[in-house]
1. Filter segment 266-287 for residues that are without any contact (Cβ under 8 Å) to a residue 24 or more places away in the chain and over 23 Å from residue 163 (Cα atoms) and give the result.
2. Go through (1) modelled with pLDDT of 90 or more; (2) open to solvent by 70 Å² or more (accessible area, probe 1.4 Å); (3) more than 24 Å from residue 289 (Cα to Cα) and name the single condition residue 239 misses.
3. Which of the residues belonging to segment 99-126 are assigned to a strand (DSSP E or B) and in contact (Cβ under 8 Å) with a residue 24 or more places away in the chain?
4. Checking the condition open to solvent by 40 Å² or more (accessible area, probe 1.4 Å), under 19 Å from residue 215 (Cα atoms) and either among the small types (Gly, Ala, Ser) or in contact with a Ser or Thr (Cβ under 7 Å, 6 or more places away or on another chain) (or both), which residue from 287, 264, 277 passes?
5. For segment 230-253, which residues satisfy the criterion of being over 24 Å from residue 3 (Cβ atoms) and part of a loop (DSSP other than H, G, I, E, B)?
6. Taking interchain pairs and intrachain pairs at least six residues apart, which have beta carbon atoms under 6 angstrom, with the first residue in segment 85-98 and on the phi > 0 side of the Ramachandran plot and buried (at least 17 other Cβ atoms within 10 Å of the Cβ) and the second modelled with pLDDT under 95 and not in a strand (DSSP E or B)?
7. Among 151, 202, which is the only one that is among the polar types (S, T, N, Q) and either in contact with an Asp or Glu (Cβ under 6 Å, 6 or more places away or on another chain) or buried (at least 21 other Cβ atoms within 10 Å of the Cβ) (or both)?
8. Being in contact with a strand residue (DSSP E or B) (Cβ under 7 Å, 6 or more places away or on another chain), in a loop (DSSP other than H, G, I, E, B), surrounded by 16 or more Cβ atoms within 10 Å (Cβ to Cβ) and at pLDDT below 95: is that true of residue 158 here?
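The values are calculated or read from the model by the stated rules, or taken from the named source; none is laboratory data. Model, not experiment: these values are computed from the prediction. Cβ sites come from the backbone with ideal geometry, for glycine too, and all protein chains shown count toward neighbours. When the accessible area is computed, the model is the full protein with side chains, heavy atoms only, and any ligands, DNA or RNA have been set aside. Shrake-Rupley method; radii C 1.70, N 1.55, O 1.52, S 1.80 Å.
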Amino acid sequence: MKFLDEAKVYIRSGDGGAGSVSFRREKFIEFGGPDGGDGGRGGDVWVEAVNGLNTLIDFRFQQHFKAKVGMHGMGKNRTGANGDDVTLKVPVGTQIFEEDQESLICDLTEEGQRFCLAKGGNGGFGNAHFKSSVNQAPDWANPGLEGEEKTIWLHLKLIADAGLVGLPNAGKSTFLASVTRARPKIANYPFTTLHPNLGVATIDEREFILADIPGLIEGAHEGVGIGDRFLGHVERTRVLLHLVSAQEEKVGKAYKTVKHELEAYGNDLVDKPEIVALSQIDVLDDATLKKKAKELAKACGKTPFLISAVTGKGMTEVLRALRDIIVEANTEEKPAKTPKLRHRDMILTDEDESDE
């Protein structure tokens, strides 16, 4: 299944049905009066976040969504049927933008969230609605209101707990494949990963989701290489795992290159907690490894983890460090329970104090 994280969609809600102009006509009933029913309401256009989807590929094949129109009113005070709604089912993490791609309509971050994108038109009143003591035979009815139409953009930002960043061939896909059941493409050439991959890692009986995005190179924010368009998929993560390949000649420069691209992208990515790891250490001897670890520590200002996804060295420690940050972030997000005030804890007002 091809990965698609952006789609342009045209939507239109249903028009309301027209009211009916009708008069009761039965044998032996004189002056039956108006009995035209109201028109039905047009259908709405909804968007809903559902489980089981991780791409917008469905919107590659269908870009137009139109709700049903309301039925017209009929005689004998019969109201027209309401038009059926139409629902766009999208993955969790989808953002809906106006056509200008800047005005955010809604952000669906939880399964089951729904939002009405376009409301259907109201049905028109039939002539029975206008009957009064001074006008007992109205011969007009209201037409139904038109529905809304607009063009919207769907942008998917994957929901993950941790994100992998680094230069091409930094070992991100190998890391993902070794700690999860994901099977990304792995090869010895740059830009093997062409779209984000997700996997579920488990450490000490606790699970969290990892997101691997295509590698960044110098000038990615200007469109060089694959560019930085996939960085949106790590915006929602709790922590970033920055992998620097031990095969890089200058590991400090490699770290700063990616860091600069994160700063240029913005959206507070550089403010996220970051874990730095020197990957692919199995290809180095001890002396070279010690030298490069010291160089990387000087560049990032912290002691990097030394890992090898092939041999498994240092992998457990990195996963536990990721887990600790994720658990701490999730704990801080939970709202503190408001303590119930007992009668003696109630604060006295100035009026109460004056009574004392």
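1. Once the filter is applied, which keeps residues that are without any contact (Cβ under 8 Å) to a residue 24 or more places away in the chain and over 23 Å from residue 163 (Cα atoms), segment 266-287 yields 285, 286, 287.
2. Of the numbered conditions (1) modelled with pLDDT of 90 or more; (2) open to solvent by 70 Å² or more (accessible area, probe 1.4 Å); (3) more than 24 Å from residue 289 (Cα to Cα), the odd one out for residue 239 is (2).
3. 105, 106, 108, 114, 115, 116, 117, 118
4. 264
5. Result: 246, 247, 248, 249, 250.
6. Final answer for the pair search is 93/157; 93/158; 93/159.
7. Of the residues listed, the single one that is among the polar types (S, T, N, Q) and either in contact with an Asp or Glu (Cβ under 6 Å, 6 or more places away or on another chain) or buried (at least 21 other Cβ atoms within 10 Å of the Cβ) (or both) is 151.
8. yes
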